[in-house]
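Student: One structure, pasted below without further comment.
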Amino acid sequence: MIGLNLFNSIKRNHGSYASWAVWAPVGEKPKSNMANMSVFDLDENPGLLALLKPNVLMVGLNFSRNERNLEPFGNFHDPYSGANDFKIRFAFKDTEYYGAYMTDVIKNHVMLDSKDVLKHLKANPSMVKEHVEWFRRELRDLKCHAPVILAFGADAWRLLHENLEKSEYASLVKLTHYSHQISKEKYRAEVLSQIAGAR
């Protein structure tokens, strides 16, 4: 749970690239309502703040598309029919991780292929340091201490593993990326097993 002032501060300072693992309920199709941002409206969803968990982080590598949900907290709430964000909703619904803070290691840098991102970072090593410090600012702004970090994919995990001190997190868990071509049911089973195995 977080307070209203902290919620508004995070929305103002980080809402263009960060979000929370909270979504509108699924409708007739698995991808329905993914971009329904009314869940972040406290008038419509007065129980929201009680759901939010700033000491659990879900972290991706970077934005993969320019044509994403540009509303505050729109990251990981992609309306695009080809997006796989819906697997995250399915995987973490009714778990202790629902409500986690969500962000990317590399902010505001759009590349579809993670290999291209890694090549760019290798050619620009100062960018890694800059974005890791940016990530640390998010942790400070969240007022979290030694969070559980769930990293989507090996690349996001590796960047954090190589650039954060172990004292900065309680655990750093490498999860299968939600773009992986498996069913949402298998994805849920796999990531929950990966988290359980890291305990």
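The values are calculated or read from the model by the stated rules, or taken from the named source; none is laboratory data. Values in this document were obtained by computation on a predicted structure and should not be read as measured data. Positions of Cβ are backbone-derived with ideal geometry, glycine not excepted, and every protein chain shown enters the neighbour counts.
Student: Being more than 28 Å from LYS11 (Cβ to Cβ) and not aliphatic (A, V, I, L, M) narrows it down to one of GLU185, GLU130, GLU138, GLU168, so name that one.
Tutor: Going through GLU185, GLU130, GLU138, GLU168 in turn, just one is more than 28 Å from LYS11 (Cβ to Cβ) and not aliphatic (A, V, I, L, M): GLU185.
Student: Output yes when any residue across region 155-169 is closer than 14 Å to VAL56 by Cα, modelled with pLDDT of 90 or more and touching a strand residue (DSSP E or B) at 6+ places or on another chain (Cβ under 7 Å), and no when none is.
Tutor: Yes, the conditions are met somewhere in region 155-169.
Student: Let me ask something additional. Test GLY82 against the criterion of being at pLDDT below 95, out of contact with any Cys (no Cβ under 9 Å at 6 or more places or on another chain) and not hydrophobic (A, V, I, L, M, F, W, C), and give yes or no.
Tutor: Criteria met by GLY82.
Student: Ok, one more. Being of a type outside the set (Asp, Glu) and modelled with pLDDT of 95 or more is the requirement here; does MET102 meet it?
Tutor: Judged against the criteria, MET102 is a match.
Student: Every residue in region 126-157 that is over 21 Å from ASP85 (Cβ atoms) and out of contact with any Leu (no Cβ under 9 Å at 6 or more places or on another chain), please.
Tutor: If the condition is that a residue be over 21 Å from ASP85 (Cβ atoms) and out of contact with any Leu (no Cβ under 9 Å at 6 or more places or on another chain), then SER126, LYS129, GLU130, GLU133, TRP134, ARG137, ARG140, ALA146 are the ones that fit.
Student: Quick one: is ALA91 of a type outside the set (Lys, Arg) and under 23 Å from GLY3 (Cβ atoms)?
Tutor: no
Student: For LYS174, state whether it is among the basic types (Lys, Arg) and loosely packed, with under 15 Cβ neighbours inside 10 Å.
Tutor: no
Student: Can you tell me which residues in region 12-36 are assigned to a helix (DSSP H, G or I) and touching a helix residue (DSSP H, G or I) at 6+ places or on another chain (Cβ under 7 Å)?
Tutor: ASN13, HIS14, listed by residue number.
Student: Looking only at region 37-58, count every residue that is surrounded by fewer than 17 Cβ atoms within 10 Å (Cβ to Cβ) and either assigned to a loop (DSSP other than H, G, I, E, B) or free of Cβ contacts under 8 Å to residues at least 12 places away in the same chain (or both) and tell me the total.
Tutor: 7
Student: For region 170-195, give me each residue that is at pLDDT 95 or above and within 28 Å of LYS143 (Cβ to Cβ).
Tutor: ALA170, SER171, LEU172, VAL173, LYS174, LEU175, VAL191, LEU192, GLN194, ILE195
Student: Test of understanding: among SER193, SER179, SER126, which residue is outside any strand (DSSP E or B) and more than 30 Å from GLY27 (Cα to Cα)?
Tutor: Among SER193, SER179, SER126, only SER126 is outside any strand (DSSP E or B) and more than 30 Å from GLY27 (Cα to Cα).
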